[in-house]
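One structure, pasted below without further comment.
The values are calculated or read from the model by the stated rules, or taken from the named source; none is laboratory data. Since the structure is predicted, the reported quantities are computational estimates derived from the model, not experimental observations. Cβ placement follows ideal geometry from the backbone for every residue including glycine, while neighbour counts extend to all protein chains displayed. Protein only, heavy atoms only, side chains kept; ligands, DNA and RNA dropped before computing areas. Shrake-Rupley method; radii C 1.70, N 1.55, O 1.52, S 1.80 Å.
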Amino acid sequence: MTERKPFVGGNWKMNTNRTTSADLTRQVVDALNTVHGVETAVFPPFPYLLAVRTILRDRGSAVKLGAQDCYHKPDGAFTGEVSLDMLKDCGVQMVLCGHSERRHVIGETDELINTKTRAVIDAGLTAVLCIGETLDQRESGHTDPVNQRQLRAGLAEISGDAMANVIIAYEPVWAIGTGKTATPEDAQGVHAKLRKLLAQMYNNEVADRTRIVYGGSVKASNAEELFRCPDIDGGLIGGAALKAPEFAGICKAAVKQPK
Ligand code: PEP
């Protein structure tokens, strides 16, 4: 079986300012300086990418730089959008695709998310494809069909080879920013089904090597029990990523759990 290196990403959403994004970056770099065995990334707001990148580079940090979104067209009359070339120019290495707030607040469809995911891969970057059911969908017994649909749709026309540049983030919408976390058993159950579906869509090797991380109110205090599960390969972190010691605690919890 392939060993999957844990991944922990910090999604800063529409938080921080010019000063606090720089301060947070320096604190994250210092806190993760001696932490090895986990791939880490921060996803600052667009305006701060370049400054965060400069700090990461000047300090020789292994923390990667991610963007929270992108537009799939290379250039042109798309007011307000940001292309992948622009992101690469700012040193971005990975991009979130289909985060629940983009699906449910901004209204992105499975088709658009797939288009963006393919564009990220074509640009040579890593796509973090986010999927997850809402509370209504969960309570009406639709957790599995919703996640399966989002996984299949998000990965449409993406080859098994290209899957080396994809991380799946399972983020139940009802757990994001609510303080409610899926139990390790529930999350593991969904992750195992997603991995099985990857095996059907591709093959066992792709399923084995694809990282599936969990997101939804992860904190340093609950990370270890989640990351200990055999199919949970780390986390995508929102609120707790805005505090460097908390984020570092979560990253450290992932180190102890290589799969
Ligand atoms: C997220 O934004 O991806 C997330 C998981 O947020 P939180 O950790 O705050 O629930």
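For region 138-188, state what percent of all Cα-Cα pairs lands in each successive 5 Å bin, counting from 0 Å until the bin that includes the largest distance.
Per 5 Å bin, starting at 0, the Cα pair percentages come out as 4, 15, 23, 24, 16, 12, 6, 1.
If you don't mind, another one. Can you work out the base-10 log of I(q)/I(0) for the chain at q = 0.08, 0.09, 0.14 1/Å, using the Debye formula on its C-alpha atoms alone?
With one equal scatterer per Cα and no solvent, log10 I(q)/I(0) is -0.27, -0.35, -0.90.
Helix by helix, which DSSP H runs in the chain go 27 Å or more along their axis at the Cα atoms and have an average Kyte-Doolittle hydropathy of 0.0 or more?
Details: long enough: none.
Qualifying helices: none.
For the chain, which whole-number percentage of the solvent-accessible area (1.4 Å probe, protein heavy atoms only) is attributable to carbon and sulfur atoms?
Working: 5610 of 11360 Å².
About 49 percent, which is the carbon plus sulfur part of the accessible surface.
Scan the chain and report its longest stretch carrying no GluC sites (Glu not before Pro) that are both in a DSSP loop and have at most 15 other Cβ atoms within 10 Å.
158-259
I've got another one for you. Please report the net charge: other residues with Cβ closer than 12 Å to the Cβ of Ala22, K and R +1, D and E -1.
With Lys, Arg at +1 and Asp, Glu at -1, the neighbours total +2.
Right, another one. Once you keep just the Cα pairs under 8 angstrom separated by 6 or more residues, what percentage relative contact order results for the chain?
24
How many angstrom lie between the C-alpha centres of region 44-86 and region 181-259?
25
What number of lysine-lysine pairs in region 16-254 show an alpha-carbon separation below 28 angstrom, given a sequence spacing of 8 or more or placement on distinct chains?
25
What accessible area per residue, rounded to a whole number of Å², is obtained for region 16-254 using a probe radius of 1.4 Å? All intermediate terms of the calculation are to be shown ahead of the outcome.
Working: 10270 Å² over 239 residues.
Per-residue accessible area for region 16-254 comes out at 43 Å².
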